[in-house]
There are 4 protein chains.
Amino acid sequence: MEYLLNDYTVFGDKDILTQVSNISNEINDGYYEGQYTKQINDVIKNLCNNKNINTFFLTAGTQTNALVLSALLKPYEAIISADTAHINFLEAGSIENLGHKIVALQSNNGKINANDIKNCVDVHNDKHKVCPKVVYISQPTEVGTMYTENELLELRKVCDEHNLQLYLDGARLCVALAKNKNLTLEKYANLIDTFYFGGTKNGLPLGEMVITKNTDFAKDFKFYMKQNGALLAKGEFISFMFLKLLENNKYETLANKSLKQASKLQTFLENKKVKFKYPPETNQIFIVLKNDVVEKLSKSFKFTIWEKCNNNETVIRLVTSFATSDETINKFFEEFNNL
Amino acid sequence: MEYLLNDYTVFGDKDILTQVSNISNEINDGYYEGQYTKQINDVIKNLCNNKNINTFFLTAGTQTNALVLSALLKPYEAIISADTAHINFLEAGSIENLGHKIVALQSNNGKINANDIKNCVDVHNDKHKVCPKVVYISQPTEVGTMYTENELLELRKVCDEHNLQLYLDGARLCVALAKNKNLTLEKYANLIDTFYFGGTKNGLPLGEMVITKNTDFAKDFKFYMKQNGALLAKGEFISFMFLKLLENNKYETLANKSLKQASKLQTFLENKKVKFKYPPETNQIFIVLKNDVVEKLSKSFKFTIWEKCNNNETVIRLVTSFATSDETINKFFEEFNNL
Amino acid sequence: MEYLLNDYTVFGDKDILTQVSNISNEINDGYYEGQYTKQINDVIKNLCNNKNINTFFLTAGTQTNALVLSALLKPYEAIISADTAHINFLEAGSIENLGHKIVALQSNNGKINANDIKNCVDVHNDKHKVCPKVVYISQPTEVGTMYTENELLELRKVCDEHNLQLYLDGARLCVALAKNKNLTLEKYANLIDTFYFGGTKNGLPLGEMVITKNTDFAKDFKFYMKQNGALLAKGEFISFMFLKLLENNKYETLANKSLKQASKLQTFLENKKVKFKYPPETNQIFIVLKNDVVEKLSKSFKFTIWEKCNNNETVIRLVTSFATSDETINKFFEEFNNL
Amino acid sequence: MEYLLNDYTVFGDKDILTQVSNISNEINDGYYEGQYTKQINDVIKNLCNNKNINTFFLTAGTQTNALVLSALLKPYEAIISADTAHINFLEAGSIENLGHKIVALQSNNGKINANDIKNCVDVHNDKHKVCPKVVYISQPTEVGTMYTENELLELRKVCDEHNLQLYLDGARLCVALAKNKNLTLEKYANLIDTFYFGGTKNGLPLGEMVITKNTDFAKDFKFYMKQNGALLAKGEFISFMFLKLLENNKYETLANKSLKQASKLQTFLENKKVKFKYPPETNQIFIVLKNDVVEKLSKSFKFTIWEKCNNNETVIRLVTSFATSDETINKFFEEFNNL
């Protein structure tokens, strides 16, 4: 069985994991108070060209979203997101579990816009309604699309005008950085108040790095981490891996490999005149296939059944990662040609 | 600087980490649906000699306690624990954050007894009070002592009589298993409803394994894991490490090393007529020292200042682990002799 | 200034309040353990013709919805409601504050249907999503419309097929009972698992009566009430008022007066060819007016600006109650004719 | 059966309830935006001689404690209280349900002291522990005793030194004001950051008035009220009753009556050489009786069995209120003499 199922099929990049085992006997301070946490923090400050940046390390995307967002909000404050947002549909109510409402806006190709945010704030105008305080976006989005720099500038502007924090879910930010090299980490750090740089989906066994300019948030976020079971005793292990992921832009090398394999799939499917559900911009490809085609493909490939279009057609999601082999891609072409 | 600070100073056992890196390219199913999770689950069922046992994997002790206990309780139900319990004092209010009260009983050497539990239940007898439902104990306790088999049997009995679940925090269960070989994993599984077998403090970079006979709990615990950000995409990585930790009783080999170093410290301190705050039964040793002695020792050693006894004396905690070297122990003897 | 603002402008029905003051020196047991609570409970069992019915008394609609719904749900379980549902838009995130997600369906005249509920359940099919468990409806709806008996039967059916509880917000149930006499309290008790009969909006200073067939829920709901500060020491005062509200169908007399005044408004506005935003079926009337008309009317009348239609038109809400005087209605006609 | 059970046995003061019914047809703005709320707010500002005072109205003590305290705290912040505190033992875990830990100090006659608070803060010194932020006291205490002015001054001082808020549960504050006339409402408002003035236990059917100097808290507390179902539509009804309770110091007249009846009981019991569990300072009297005496008394009187002393003796609680009749008191004397 070949996997085009997701970008977290392997334990991680072999080089990084080998380096971990090489220093397994080294003694370190616990709870992210050690040398590697300090080093990676400096690396990020330099890359973002901002000394007020702070970093924090968590283990998973859902944990990161839930803890950061709840730390940014009072109980009656809410999050504005796309209806397709990961926090709104695929995190089992983690945000609500910590007490907050998500006000979901209808999205366009996975994206929301400044005007809809403004209208949403206008409507939430008295004590009977929640009070929007954070705008949540994902880059790339959950449907594989990308916000342009202009779109991000407009979101920044509407947030400034309405006293909203802008938060970016960067589970696949490595892919975004590799795809649009004009949108650098420094630019994200300028445009966004708090975001995370995902490790799990680009080479690490686990680990997500929160990057924030919000110093009030940074001051007591470790209490939130501890209280929610996220302050790992051996946190240096995660910090060390991020240090290695940033070294020589390894994250970009891995993301480029993922994008290259996705690009091959895209070109092939375009030639085959397959209908795309969303514009294929990164390593997630959403296509519309006849149900019997889906069934045949599923005998050799694992992928995600995204949604039913109608009685005859289904949207499926194909995902590549740095670990997607040429063999898998070629086998997909072969199988598809033989359908 | 030498470390007698805790049992989580190194990333983990080199063999296990090397084996992780060796299979870093292997493709696995996500979210604990893969082969290694199945294998370790079978290993534990066999060791416990019980086919109804289920296992779950989390990343940290605080996370494990909070998620398991909240999954066992309705909002108005409470936990009975020792006042010295980790959940009561050292987890930053994680239990309360998920909505539950801890009713703390005065402990004796870190332990609680059946009679006090009975009285506690008797007092909580109407709708104005919380309703005790789970008894929380730690083995070894937070102060390094051990419940005997008889004590555990009595706790089991009082729980059965009052419809209480018995939960055991096994952050250092490996040490308990190595210390009292008569109390096997099978016995713990017989006596306790739900417990965890800690990985972080005995050889793994992270990872705690929940072992439960409670099938209602097991049925939907993954929802709790997901909702609280604990359902790791690459969970197989954790399951694999536990498989290796159980293989050839490696966990016991590691724990024995920890106990051996603790035993050397204990003998030395006994000979020196140092006062022990708690009976030294495992790898945590609590001693009472003059303040100036504490200050001198702290120039060469990292350890925990546990509490002030009075204006002149302080309790300190010394902890050993499998990674505690003979050099560290010998240097401690030397420094202490030179005081 | 005349009020067509809401149905809670006066302290309550004079008769009922006088009867309260008449027995103000009577000694009663506290916390809803007294004689009046027993009496009203029997009254409701008889009216519903069901001995397994239990009643509970709370002070406000938001409190009632939040406590009942959270008592019905495990943390990962969710509520399906209309997007226009009171809990979704006008209760300041009270449901989310207690940890639960609302999955909002697009409504039609404030109502949801069985087919959309089925599709919603089908999509929520794995551990990454919340698990729908309760369907929330309001009767009358938040936009003044009514579910027909057939519609309720279909909702009952889809709930039975998918193991969902059906919950009805009856903040204005008195009006519903008065409007459609064919849908008796007994029928509601047959069709719905748990609902409430609102007092605040129909004659009482405060008070909402929960009516439930769910005996598991009833068994421990008082713990939820106490824990959330809703178990009033002098609860008999509320129970007594409900007893008087039910006596000789006083609730119906009051609701009929409200409906009569609404009906006058409706007829007048129909004759004036005013556009209705929603079918005017009860005591809430939603009409579309030019902005300048709204401004002129607002000089003499208090009403709710519901939403903007476009740059020129606005939806306003007019509400009548048993306390709405003929003078107010006539003055409205006069002012409107003079516009 | 005669009641010495509690101070909430009757619906309320007849005068006040009659005045409510007299204006039952008056139209008012909802949600505490009306005339009576403004009036009572001015009355309190004047009595406290502080223009920055704000008032809020809730329905019950548990609700008040839970909402105010949770509004004062971030998730990782905690409350310091006596172990005998109402929030710690008699509110069914309401504080924990909203996410916060109570750190309970051993009390002396229901009171805590500045030194123990200081030590408690000192121990909570890192990210693994909750962060104490509010000190909770009750006046009178749950065991009927009173903090002196000096004791309150010392609590104020330790709070100022450690950046703690001082909160006072005034469920029976009317009795405290009547008992120690030197400790005026103005003095309480000077010494305490936020407190409440209880209505339920001194003449109202329900209602507790929060009085606060904390303007940050006041700014958004209505959101907390709404979100927790406490923002009553007809809140003016509660505000009006408080206005009447303050008019001509009616609250004091009522409390004096309660104290007078308690004083009679106290004198009688002292003469009888009955042992008092706590110094009898207000309207709650705790005495130690032989078990058979308790049993005989309980045939004619309702009172609270407080706790077992040993196999032969029991502590019972006797409570008086403004509604306790001379007949009840005399009958108690008679029965007791006949034992």
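Checking B:Glu154 against (1) within 14 Å of chain A (Cβ to nearest Cβ); (2) touching a helix residue (DSSP H, G or I) at 6+ places or on another chain (Cβ under 8 Å); (3) assigned to a helix (DSSP H, G or I), which test does it fail?
Failed condition: (1).
Based on this model, can you work out whether D:Lys299 counts as surrounded by 15 or more Cβ atoms within 10 Å (Cβ to Cβ) and not in a helix (DSSP H, G or I)?
No.
Answer yes if at least one residue in segment C:272-292 is assigned to a helix (DSSP H, G or I) and of a type outside the set (Lys, Arg), and no otherwise.
Yes: one or more hits.
When you scan segment C:260-278, how many residues do you find that are touching a helix residue (DSSP H, G or I) at 6+ places or on another chain (Cβ under 6 Å) and among the small types (Gly, Ala, Ser)?
Counting residues in segment C:260-278 that are touching a helix residue (DSSP H, G or I) at 6+ places or on another chain (Cβ under 6 Å) and among the small types (Gly, Ala, Ser) gives 0.
Find the strands (runs of 3 or more DSSP E) located wholly in segment D:22-125 whose residues include 2 or more that are free of Cβ contacts under 8 Å to residues at least 60 places away in the same chain and either crowded, with 22+ Cβ neighbours inside 10 Å or more than 9 Å from every other protein chain (Cβ to nearest Cβ) (or both), and list them.
Qualifying strands (runs of 3 or more DSSP E): D:77-82, D:102-105.
For A:Tyr196, indicate whether it is buried (at least 24 other Cβ atoms within 10 Å of the Cβ) and more than 30 Å from B:Thr64 (Cβ to Cβ).
Working: buried (at least 24 other Cβ atoms within 10 Å of the Cβ): yes; more than 30 Å from B:Thr64 (Cβ to Cβ): no.
For A:Tyr196, the condition - buried (at least 24 other Cβ atoms within 10 Å of the Cβ) and more than 30 Å from B:Thr64 (Cβ to Cβ) - is not met.
Residue check, C:Ala178 against (1) more than 14 Å from every other protein chain (Cβ to nearest Cβ); (2) under 18 Å from D:Lys234 (Cα atoms); (3) in a helix (DSSP H, G or I), all met but one. Which one?
(2)
As an exercise: evaluate A:Glu307 against (1) touching a residue at least 12 places away in the same chain (Cβ under 8 Å); (2) part of a strand (DSSP E or B) and give the number of the one condition it does not meet.
Against the list (1) touching a residue at least 12 places away in the same chain (Cβ under 8 Å); (2) part of a strand (DSSP E or B), A:Glu307 comes up short only on (1).
Tell me whether segment D:2-17 contains one or more residues that are over 22 Å from the mean Cα position of the chain (by Cα) and away from chain C (no Cβ under 11 Å).
no
Answer with yes or no whether B:Leu297 is of a type in the set (A, V, I, L, M, F, W, C), more than 13 Å from B:Lys179 (Cβ to Cβ) and touching an Asp or Glu at 6+ places or on another chain (Cβ under 7 Å).
In short, yes.
Do the conditions hold for B:Glu208, that is, is it surrounded by fewer than 23 Cβ atoms within 10 Å (Cβ to Cβ) and either at pLDDT 95 or above or within 30 Å of C:Tyr32 (Cα to Cα) (or both)?
no
Every residue in segment C:279-305 that is within 17 Å of C:Ser258 (Cβ to Cβ), polar (S, T, N, Q) and touching a helix residue (DSSP H, G or I) at 6+ places or on another chain (Cβ under 6 Å), please.
C:Thr282, C:Asn283
So which residues in segment B:5-28 are of a type outside the set (S, T, N, Q) and touching a helix residue (DSSP H, G or I) at 6+ places or on another chain (Cβ under 7 Å), if there are any at all?
B:Asp7, B:Tyr8, B:Phe11, B:Asp13, B:Lys14, B:Ile16, B:Leu17, B:Val20, listed by residue number.
When you scan segment A:70-92, how many residues do you find that are closer than 27 Å to D:Val68 by Cα and out of contact with any strand residue (DSSP E or B) (no Cβ under 6 Å at 6 or more places or on another chain)?
4
Please give the number of the condition B:Leu265 fails out of (1) touching a strand residue (DSSP E or B) at 6+ places or on another chain (Cβ under 8 Å); (2) part of a loop (DSSP other than H, G, I, E, B); (3) of a type outside the set (S, T, N, Q).
It is condition (2) that B:Leu265 fails.
Given the condition out of contact with any helix residue (DSSP H, G or I) (no Cβ under 7 Å at 6 or more places or on another chain), closer than 24 Å to B:Leu204 by Cβ and either at pLDDT below 95 or aromatic (Phe, Trp, Tyr) (or both), answer yes or no: does some residue in segment B:306-328 qualify?
Taking every residue of segment B:306-328 in turn, none turns out to be out of contact with any helix residue (DSSP H, G or I) (no Cβ under 7 Å at 6 or more places or on another chain), closer than 24 Å to B:Leu204 by Cβ and either at pLDDT below 95 or aromatic (Phe, Trp, Tyr) (or both).
Do you know which of the residues in segment C:3-52 that are of a type in the set (A, V, I, L, M, F, W, C) and in contact with a strand residue (DSSP E or B) (Cβ under 6 Å, 6 or more places away or on another chain) is farthest from C:Ser325 (Cα to Cα)?
Going through the qualifying residues, I end up with C:Ile27.
If only one of B:Leu246, B:Leu289, B:Leu259, B:Leu269 is at pLDDT 95 or above, of a type outside the set (Val, Ile, Thr) and over 26 Å from B:Glu334 (Cβ atoms), which one is it?
B:Leu246
State all residues of segment C:1-21 that are free of Cβ contacts under 8 Å to residues at least 24 places away in the same chain and surrounded by 19 or more Cβ atoms within 10 Å (Cβ to Cβ); if no residue qualifies, say none.
Residue satisfying the conditions is C:Ser21 alone.
Looking at segment C:224-252, which of the residues that are within 9 Å of another protein chain (Cβ to nearest Cβ) and more than 30 Å from B:Glu96 (Cα to Cα) is surrounded by the most Cβ atoms within 10 Å (Cβ to Cβ)?
C:Glu236
Return a yes/no flag: does segment D:203-221 have any residue that is outside any helix (DSSP H, G or I), more than 19 Å from the chain's Cα centre (by Cα) and within 12 Å of chain C (Cβ to nearest Cβ).
No: segment D:203-221 contains no residue that is outside any helix (DSSP H, G or I), more than 19 Å from the chain's Cα centre (by Cα) and within 12 Å of chain C (Cβ to nearest Cβ).
Quick check on my filter: what residues within segment C:38-73 are over 28 Å from D:Gln227 (Cβ atoms) and of a type outside the set (D, E, K, R)? Let's see the steps before the verdict.
First pass over segment C:38-73, keeping only residues over 28 Å from D:Gln227 (Cβ atoms): C:38-53.
C:Gln39, C:Ile40, C:Asn41, C:Val43, C:Ile44, C:Asn46, C:Leu47, C:Cys48, C:Asn49, C:Asn50, C:Asn52, C:Ile53, listed by residue number.
The values are calculated or read from the model by the stated rules, or taken from the named source; none is laboratory data. Predicted, not measured: the structure shown is a model, and the values here were computed from it. Because the Cβ atoms are built from the backbone with ideal geometry, glycine has one as well, and the counts that use them run over all protein chains shown.
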